[in-house]
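The values are calculated or read from the model by the stated rules, or taken from the named source; none is laboratory data. Because the structure is predicted, anything quoted here is derived from the model rather than measured. All Cβ positions, even for glycine, are placed from backbone atoms using ideal geometry, and neighbour counts span all protein chains on display. Just so you know, the surface numbers come from the protein's heavy atoms only, side chains and all, with ligands and any DNA or RNA stripped out. Shrake-Rupley method; radii C 1.70, N 1.55, O 1.52, S 1.80 Å.
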Amino acid sequence: MTDSQIADRKVEHIRIITSDTGVERNNSGFDQIQLTHRALPELNFGDINTQTTFLGKPLSFPLLISSMTGGTGDEILRINRNLATAAEKTGVAMAVGSQRVMFTDQSATSSFALRDVAPTTPIVGNVGAVQLNYGFGHSECLEAVEAIQADGLYLHLNPLQEVIQPEGDVNFAGLLAQIAVITEVLPVPVLLKEIGCGLSAQDIQLAFDAGVRHFDVAGRGGTSWSRIEYHRRAHDGDDLGLVFQDWGLTTVDALQDARAYLSKANETTTLIASGGIRNGIDMAKSLILGADLCGVAAPFLSAAQTSSEAVVAVIEKFRREFQTAMFLLGCQNIAALRCNADLLRQHGNSL
């Protein structure tokens, strides 16, 4: 695929997300979870501490602006710089979109090189794991990290998107061994991420055994990339992307699978909840279910197309909601919230 085709595809993705409301699936599982309200929280709201750390850097609260887009052109550059500027100002983390286009078009690097506006922000690079079967290796992964001075590198898994995508790369055979090599030799942590279908317990166990210690479950319930790619197929009755638009594990189920496995590990791990997190209450529920921080993408896209100030406003809304949830649960800090099963009331499945 040419660099212009990759860049055009990224812009097309944005257009579809903003024009088709059905891309947002609203079925992450969080609505089924009820929490225990504390009428006597015995806390001063102003004393609640939402701070945490990620990849060795401090965060004002456990929020990661998830990977949205990568490519070339003024629109992509404006979106990424607005996101990065807001992340720096508010003290949250950021992950860039797929950096693949950098390797066919060096001018695209500018849309990922954000350190001038986000010097202290934890920034995560991003490469499709399947590209390890299509010519990418250690040198490309290292270049992806060094080009943007990243603190970690996402290897994202997207088998459903690739099989729906007209020009998708569908050879996922033998990928685990290559992920293990990159994890061992890269000088920054590798983070394994799905993009909307969830990581199962089997996925996490395989990756853990291969040396991965950072996982983003990215479950079903938010943006459906299957539906997005449906719009890009030659229709003529081809509705494969619609048939699979709700395929996968919900974010809640993926978190439960991850918690069940990682709780048995005697090593430090990082668990990121993403996929349909749309407010601070969803964030609080995610941490109760075992997440260390939460990734959010779609709610920032419209704001990022406008200005960094608009992104800041959305981040501050999430922060206020998250802090309010902690207050109403009687949790003064993140440690009191995370994995605290006593805060759960009920759920459709056992917790």
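Values for this structure:
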quantity	calculated
Condition check for Val101: part of a helix (DSSP H, G or I) and within 22 Å of His214 (Cα to Cα)	no
Qualifying residues in the stretch 88-107 (those that are among the hydrophobic types (A, V, I, L, M, F, W, C) and touching an Asp or Glu at 6+ places or on another chain (Cβ under 7 Å)) - the one surrounded by the fewest Cβ atoms within 10 Å (Cβ to Cβ)	Phe103
Test for Thr183: is it of a type in the set (Val, Ile, Thr), modelled with pLDDT of 95 or more, in contact with a helix residue (DSSP H, G or I) (Cβ under 9 Å, 6 or more places away or on another chain) and open to solvent by 60 Å² or more (accessible area, probe 1.4 Å)	no
Looking only at the stretch 40-77, and only at residues there that are at pLDDT 95 or above and part of a helix (DSSP H, G or I), the one that is least open to solvent (accessible area, probe 1.4 Å)	Phe45
Residue that is under 20 Å from the mean Cα position of the chain (by Cα) and crowded, with 24+ Cβ neighbours inside 10 Å, where the choices are Ala218, Ala113, Ala201, Ala118	Ala218
Residue that is nearest to the chain's Cα centre (by Cα) [pool: residues in the stretch 61-97 that are of a type in the set (Val, Ile, Thr) and more than 22 Å from Trp225 (Cβ to Cβ)]	Val92
Tally, over the stretch 131-166, of residues that are without any contact (Cβ under 8 Å) to a residue 40 or more places away in the chain and of a type in the set (D, E, K, R)	3
Some residue of the stretch 226-245 being under 25 Å from Pro122 (Cβ atoms), buried (at least 24 other Cβ atoms within 10 Å of the Cβ) and in contact (Cβ under 8 Å) with a residue 60 or more places away in the chain	no
Members of the stretch 121-161 found to be assigned to a helix (DSSP H, G or I), closer than 30 Å to Pro62 by Cβ and not aliphatic (A, V, I, L, M), listed by number	Gln131, Cys141, Glu143, Glu146, Pro159, Gln161
Residues satisfying the stated conditions in the stretch 23-39, i.e. in a loop (DSSP other than H, G, I, E, B) and without any contact (Cβ under 8 Å) to a residue 12 or more places away in the chain	Ala39
Of residues in the stretch 222-238 being at pLDDT 85 or above and over 17 Å from Met68 (Cβ atoms), the one nearest to the chain's Cα centre (by Cα)	Ser226
Which numbered condition Val124 fails, given (1) touching a Gly at 6+ places or on another chain (Cβ under 8 Å); (2) within 24 Å of Asp216 (Cα to Cα); (3) of a type outside the set (Lys, Arg); (4) open to solvent by 40 Å² or more (accessible area, probe 1.4 Å)	(4)
